[in-house]
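Comments concern the structure below.
What follows draws every value from the coordinates through simple rules; no lab data is involved. Predicted, not measured: the structure shown is a model, and the values here were computed from it. Cβ coordinates were reconstructed from backbone atoms using ideal geometry, including for glycine residues, and neighbour counts include every protein chain displayed.
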Amino acid sequence: MSFPVHRGRRLRRTAALRTMARETRLAAEQLVAPLFVVEGSGVRQPIASMPGHARLSPELVAEEAAALAALGVGAVLLFGIPARKDAEGSGAWDAEGPVPRAIRAIRKRAPEMVVWADVCMCEYTDHGHCGVLADGEVDNDATLPLLARAAVAYARAGADVVAPSDMMDGRVAAIRAALDAEGCARTAICSYAVKYASAFYGPFRDAAGSTPRSGDRRGYQMDAPNVREALREARADLEEGADFLIVKPGMPYLDVVRAVREAVDVPLAAYQVSGEYAMLHAAADRGWLDLDRAMEETVIGLRRAGADLVITYFARVLAARLAEGRAAAEARR
Ligand code: PBG
């Protein structure tokens, strides 16, 4: 059937028709908001490359989590930045470290909020790599028990989900075994199964002070040209016991999101990373694009590619816009 019988414009004519015909929708509960936690209290250190974001002390993280809960945001994802770093990254499993403290504070302040804790060594090691070093390389197997200890510390503090982002082989199995042995069988694992070595993590590394002191992460994070490898990583993590998965970064890897979506039957999250956030802000600051429209388009693009959940630094602003949109639609009725 073709023109003039068929006219694609009929269902695009008004906002209400477009809403009716929409194939993909976005709701606040599909968004996950990353937050950076530092030690102390009353601390709010703005992050220059991530406008609207700051490193927060635990009670301010809990306050932010309460605001996000009120907007209906699905979950928070916590990253810790310790005051002191060492070769092993021992701050990662300190029960009094920033992340366990923030988890406990959120549990009191916003008990209904779903809490994810990122599990990685790079924020805690003085050399900035995601595991311990041996002969100048990250030692995979020596890192596994350290990741497992960190995961148990966050689970004990009350995290619903632990999210390993280190890309060591076998970490999901190690973490699952440790959680189960420590009475944390109900804590879920969302693995960053598919995480590429990416230029788009730059602002995050500024925020977390986790740029490797020497070398880079290409020896453990994935190589950008590969997609079949992503499926292998996804399946391996599911076999090891991951409950659901993350693909990261987002926009340069939409085909990977689609491919993983079709290969697995668990919930899938896509991570719109710090560099994606920063570049949209930078262009908007110059008047080169409309930030509100660009954030909606990029996040719905990840949903359309097949992500059930989107981890995004726009979570709060987007959820507020979605709530305003709903209120405006109610008012028109
Ligand atoms: C920790 C980790 C990183 C990110 C999430 N977890 C940094 C990295 O791998 O260098 C990046 C998140 C972002 O850029 O928003 N390994």
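Here are a few things to note about the model shown:
- Segment 26-332 - percent relative contact order, Cα under 8 Å, separation 6 or more: 18 percent
- Bridge orientation summary for the chain: considering DSSP beta bridges with both residues in this region, about 15 percent are antiparallel.
- Annotation: amide H of Arg55 within the under-5 Å range of Gln45, Ile47, sequence separation 5 or more or interchain, hydrogens built in the peptide plane.
- Each of Met168, Gly131, Ala329 was scored by the projection of its Cα onto the charge dipole of the chain, and the greatest displacement toward the positive side belongs to Ala329; charges sit on the C-beta of Lys, Arg, Asp and Glu.
- In order through segment 30-44: 3J(HN,Hα) via Karplus (6.51 cos²θ - 1.76 cosθ + 1.60), integer Hz, x for Gly, Pro: 8, 9, 10, 9, x, 9, 9, 10, 10, 6, x, 9, x, 9, 9
- Considering only Arg218, Arg176, Arg303, the Gaussian network model of the chain with Cα springs below 10 Å gives its largest mean-square fluctuation to Arg218.
- For His129, the residues whose amide H sits under 5 Å from its own are Arg213, ignoring neighbours fewer than 5 places away on the same chain, with H placed 1.01 Å from N.
- Here the Gaussian network model covers the chain, with springs between Cα atoms less than 10 Å apart; of Arg228, Arg18, Arg286, Arg18 fluctuates the most.
- The string of couplings for segment 260-274 from the Karplus curve (6.51, -1.76, 1.60, θ = phi - 60°) is 5, 3, 6, 8, 10, 10, 9, x, 10, 10, 10, 10, 7, 7, 4 Hz, one whole number per residue in order, with x for Gly and Pro.
- Segment 26-332: Cα Rg divided by the 2.2 N^0.38 Å rule of thumb: 0.94
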